[in-house]
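Please treat every number below as a calculation from the coordinates, not as lab data. Just so you know, these numbers come straight off a predicted model, no measurement behind them. Cβ: placed from backbone, ideal geometry, glycine included. Neighbour counts: every protein chain shown.
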Amino acid sequence: MEGAPPAKKMKTERQFDFSKCARRKVALMFAYLGWDYDGLVVQADSDNTIEEYIFHALEKTKLIESREACGWTRCGRTDKGVSAFRQVASLIVRSNLKEGPGVFWPEGTNAANWKETTQEIDFCQALNGVLPKEVRVLAWSVVPEDFSARFNCTQRVYKYFFARGQLNVDAMIAGSRLLIGEHDFRNFCRIDKNKARLETSYVRTIVNVTLEPSKWSCDTASGSSAYDMLELTVVGSSFLWHQIRCIVAVLLAIGSGRESPEVISQLLDINTHPRRPQYGMASETPLCLFDCSYDGVNLEWTWQPRALNATIVHLQKIWVDLQTKANMVRRMLGDLEELPGASGDSNGMTDYLYCGPPAKNYIPLLQRPTCDGLEDKREKRNAKQNGAPQTLLTESL
């Protein structure tokens, strides 16, 4: 058409040549606020997972050629809404170096094409530049070829944050101490029907449990301790599916006076109580996989100042936003609680921690109907495989 502007040529993306690059196996330490995400692990029916965004960032920055070939392993899975602080993953990434600790040239690559440099890629800065603001890579370390972020992890630390409210904290502490040691925790987790999980052991060791005021948050505006924040910290080598949230649910029942601390020991006695009572889990939002340890593996974390300080600024912005909203609501509560007729209770703080509305008439845990036990599920599975009629059992929560 006369006078029309010339058609723009579509810019084709230049293909990155991985054959000119060395590789290096590294561990990445990363943090995420998982409240608005569908969990850590890639899922077939959701693109809104932490790993999906991390893999996208790794591919966009050309740090990996494909997610299938990078050997990705992670310290632990976290479910929808759960956060993490010092989560660790291991993988093979592109390196700028020709040689050095952990640097290797895969078959099909050629060191002769290498452009001389002694400066390694700034992995943290590169990834954080394309990740969502709630996901930050904190540090990286070279690791041995056979290192696995999952199987080499010797200890995991979970934290659960909640308000004191009207909870009996001393009773909760007494109950939590009964969790320490090696126990069969089948009554404090969700038993999956997956074949591999039905065959697994539900014995785990909890090294330590503490419940104390949160270091960075306490309320002094009105002299009331109901608004003080608490941290439950649970340390162990490994954990079962939903184990922490089930533990918190039982501790909340103890703290509210509905159960005695001894109910922990009773639920751990699987000879007397082989099936879990039907109870709901605590909310996922306050839960955080806070740290993990690798005894026997020399991890020398590289903290890059530019990325570190940028992460601090990112988190400060998030903190200010949340703290501003929290203080606005706290100011409203302060005025309302001073009005005639205000009850002064803090039930809302405990109600928030339950998934779904709290029961009006509380039934003690050991008097409730039970879920299918581990043996029940195994029996169902075997009967299904053999084509035999299945015994009708209570369906698991």
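Within the same chain, aspartates and glutamates fewer than 8 places from K377 are excluded, and of the rest, those with a Cα less than 13 Å from its Cα are D192, E199, E395.
For segment 163-193, the list of trypsin sites (Lys or Arg not before Pro) that fall in a loop by DSSP and count at most 14 other C-beta atoms within 10 angstrom reads K193. The C-alpha atoms of the chain define a longest principal axis, and helix 50-60 lies at about 10 degrees to it.
Between M328, M229, M29, the residue with the greatest mean-square fluctuation in the GNM of the chain (Cα pairs under 10 Å linked by springs) is M328. Roughly how tilted is helix 243-255, in degrees to the nearest 10 and between 0 and 90, from the longest Cα axis of the chain? Helix 243-255 and the main axis of the chain meet at about 30 degrees.
Between 0 and 90 degrees, rounded to the nearest ten: what's the tilt of helix 374-386 against the longest Cα principal axis of the chain? Value to nearest ten degrees: 60. Of the GluC sites (Glu not before Pro) in segment 332-381, the ones in a loop by DSSP (not H, G, I, E or B) with at most 15 other beta carbons within 10 Å are E338. Think of the chain as having a plus end and a minus end, set by charges on the Cβ of Lys, Arg, Asp and Glu; of Y354, L138, Q278, L138 sits farthest toward the positive end of this dipole. Here segment 18-142 is treated with +1 on each Lys and Arg Cβ and -1 on each Asp and Glu Cβ, and its dipole about the Cα centre works out to around 420 debye. Restricting segment 70-142 to GluC sites (Glu not before Pro) that sit in a DSSP loop and have at most 14 other Cβ atoms within 10 Å of their own Cβ leaves E99, E107, E116.
Pairs spanning more than 19 Å between alpha-carbon atoms, out of K133/K317; K60/K115; K25/K98; K80/K215; K20/K98: K60/K115; K80/K215.
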